[in-house]
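Read the structure below first, then the notes.
The values are calculated or read from the model by the stated rules, or taken from the named source; none is laboratory data. As the structure is a prediction and not an experimental result, all values here were calculated from the model. Neighbour counts run over all protein chains shown; Cβ positions are idealised from the backbone, glycine included.
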Ligand SMILES: Nc1ncnc2c1ncn2[C@@H]1O[C@H](COP(=O)(O)OP(=O)(O)O)[C@@H](O)[C@H]1O
Ligand SMILES: [Mg+2]
């Protein structure tokens with residue numbers, strides 16, 4: 001074993017069946033030591049089950065869990081160098097913050113806890129609240145107590161199961177930055193479970209996107225966003241416009257694809273599907289990568305850009321940008337976000353427009369997939 005894998009969490013062929021229901025399909029995953037790792041997916045996709053198998057709170061049906069060079073699959077939770085923070089902080093209401101944080105040390109029979117508790121209070125910036133009871137703190141502060149209480153045991157891995165789910169949006173955003181800071185400061189591995197893609201992207205170095213008990217794609221937030229490999233990932237992380245197209249020429253570094261009257265260019269290196277001339281492919285493009293001009297100005301578009309004509313169906317001004325929905329012959333609700341720099345007042349519903357973008361920003365997906373997988377309607381259905 002090399003040094004670089006010493007503290008990694010390694011799941012090999014791990015799966016979980018409840019009766020005949022396969023909650024987690026056999027899964028191989030390496031979580032690098034010291035990383036902030038997110039398991040992201042819709043409710044019911046198997047995130048908590050996976051986390052509980054790492055913690056030892058759930059027996060895997062198959063597979064092993066290793067922490068560094070130690071196989072911990074058969075170890076009970078308390079013998080694993082792992083601690084868990086849940087959404088319900090489960091603080092002791094009758095104990096003050098100091099004693100809540102000291103709990104793990106006291107249980108191990110450690111008497112002089114002051115130094116370690118003070119360090120933890122400082123880490124989570126609650127030094128002024130040491131003698132308060134949990135009910136005298138805000139939700140975000142209580143969550144920080146729960147994190148401090150888990151970290152004081154010096155786990156190798158901290159597991160967090162939707163820890164910010166009970167907080168309102170503003171507090172959640174603050175706590176995201178706070179948790180990221182704490183993780184950077186203590187440098188231990190955090191495995192964070194969430195259904196909120198923005199939360200996962202804000203905090204994590206690596207994100208595993210889960211769908212129906214499987215990891216669909218693993219990567220950094222930017223990799224997942226810029227080059228999704230499945231329709232689920234393309235739709236679940238942000239918004240994607242997906243155009244069903246026919247491959248007209250697959251011989252070059254850029255594929256030439258046809259959708260309606262439009263001939264579009266698609267980098268072969270950004271296409272995860274097998275492509276052959278005459279076959280189908282989905283061309284994806286993010287809404288903020290697209291420029292929009294009035295049809296009268298089509299002549300001003302630089303050569304070499306992908307372009308499609310359409311008609312504005314809806315426009316919503318939201319301050320930093322205007323979000324347009326465009327009817328096009330190739331995709332009936334094309335979304336385009338235009339940053340609010342100089343607004344063309346003519347771009348109102350009913351107007352004929354041309355959409356254009358740098359072909360390099362397109363990505364290609366296997367057309368055999370469900371084009372709507374991972375959209376909000378699908379996920380909440
Ligand atoms: N103890 C259990 N018995 C039966 N089914 C379970 C049990 N725990 C979870 N499940 C099912 O397994 C699937 C995955 O659950 P879970 O891991 O909690 O999902 P997530 O955390 O992603 O929302 C869900 O369909 C859930 O209903
Ligand atoms: Mg869960």
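Among the residues of region 204-217, the one identified as surrounded by fewer than 19 Cβ atoms within 10 Å (Cβ to Cβ) and farther than 16 Å from residue 21 by Cβ is 205.
Each row is one residue, and each column tells you yes or no for (1) touching a strand residue (DSSP E or B) at 6+ places or on another chain (Cβ under 7 Å); (2) away from ligand 2 (no atom under 16 Å from the Cβ); (3) in the same structural domain as residue 90 (by TED's automatic domain parsing); (4) farther than 27 Å from residue 217 by Cα.
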| residue | (1), (2), (3), (4) |
| --- | --- |
| 155 | yes, yes, yes, yes |
| 160 | yes, no, yes, no |
| 163 | yes, no, yes, no |
| 170 | no, yes, yes, yes |
| 189 | yes, yes, yes, no |
| 193 | yes, no, yes, no |
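Taking the numbered list (1) in a loop (DSSP other than H, G, I, E, B); (2) over 20 Å from residue 194 (Cβ atoms) in turn, residue 64 passes all entries but (1).
Take residue 217 and tell me if it is within 16 Å of ligand 2 (Cβ to nearest atom) and within 12 Å of the chain's Cα centre (by Cα). Outline the logic, then answer.
Values: within 16 Å of ligand 2 (Cβ to nearest atom): no; within 12 Å of the chain's Cα centre (by Cα): yes.
Answer is no for this residue.
In this structure, residue 139 does satisfy being under 25 Å from residue 101 (Cβ atoms) and touching a helix residue (DSSP H, G or I) at 6+ places or on another chain (Cβ under 9 Å). Hey, does region 151-169 have a residue that's assigned to a helix (DSSP H, G or I) and at pLDDT 90 or above? Yes, because at least one residue in region 151-169 is assigned to a helix (DSSP H, G or I) and at pLDDT 90 or above. When region 81-100 is limited to residues that are buried (at least 16 other Cβ atoms within 10 Å of the Cβ), in a loop (DSSP other than H, G, I, E, B) and without any contact (Cβ under 8 Å) to a residue 60 or more places away in the chain, the one that is nearest to ligand 2 (Cβ to nearest atom) turns out to be 89. Scan region 1-56 for residues that are part of a loop (DSSP other than H, G, I, E, B), within 16 Å of ligand 2 (Cβ to nearest atom) and either buried (at least 16 other Cβ atoms within 10 Å of the Cβ) or assigned by TED's automatic domain parsing to the domain that holds residue 374 (or both) and the total you get is 4.
Okay, residues lined up against (1) in a loop (DSSP other than H, G, I, E, B); (2) surrounded by 19 or more Cβ atoms within 10 Å (Cβ to Cβ):
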{"site": "311", "(1), (2)": "no, no"}
{"site": "322", "(1), (2)": "no, no"}
{"site": "325", "(1), (2)": "no, no"}
{"site": "347", "(1), (2)": "yes, no"}
{"site": "374", "(1), (2)": "yes, yes"}
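The conditions of being buried (at least 16 other Cβ atoms within 10 Å of the Cβ), over 30 Å from residue 142 (Cβ atoms), in contact with a strand residue (DSSP E or B) (Cβ under 6 Å, 6 or more places away or on another chain) and touching a residue at least 40 places away in the same chain (Cβ under 8 Å) are not met by residue 239. Among the numbered criteria (1) touching a strand residue (DSSP E or B) at 6+ places or on another chain (Cβ under 7 Å); (2) under 16 Å from residue 191 (Cα atoms); (3) more than 12 Å from ligand 1 (Cβ to nearest atom), which single criterion is violated by residue 26? For residue 26, the exception is condition (2). Kindly indicate whether residue 125 is more than 26 Å from the chain's Cα centre (by Cα), over 24 Å from residue 184 (Cα atoms) and surrounded by fewer than 18 Cβ atoms within 10 Å (Cβ to Cβ). Answer is no for this residue.
Taken over region 36-72, the criterion of being more than 16 Å from ligand 1 (Cβ to nearest atom) and touching a helix residue (DSSP H, G or I) at 6+ places or on another chain (Cβ under 9 Å) is satisfied by 36, 67, 68, 69, 72. Restricting 209, 147 to those that are in the same structural domain as residue 46 (by TED's automatic domain parsing) and not in a helix (DSSP H, G or I) reduces the list to 209.
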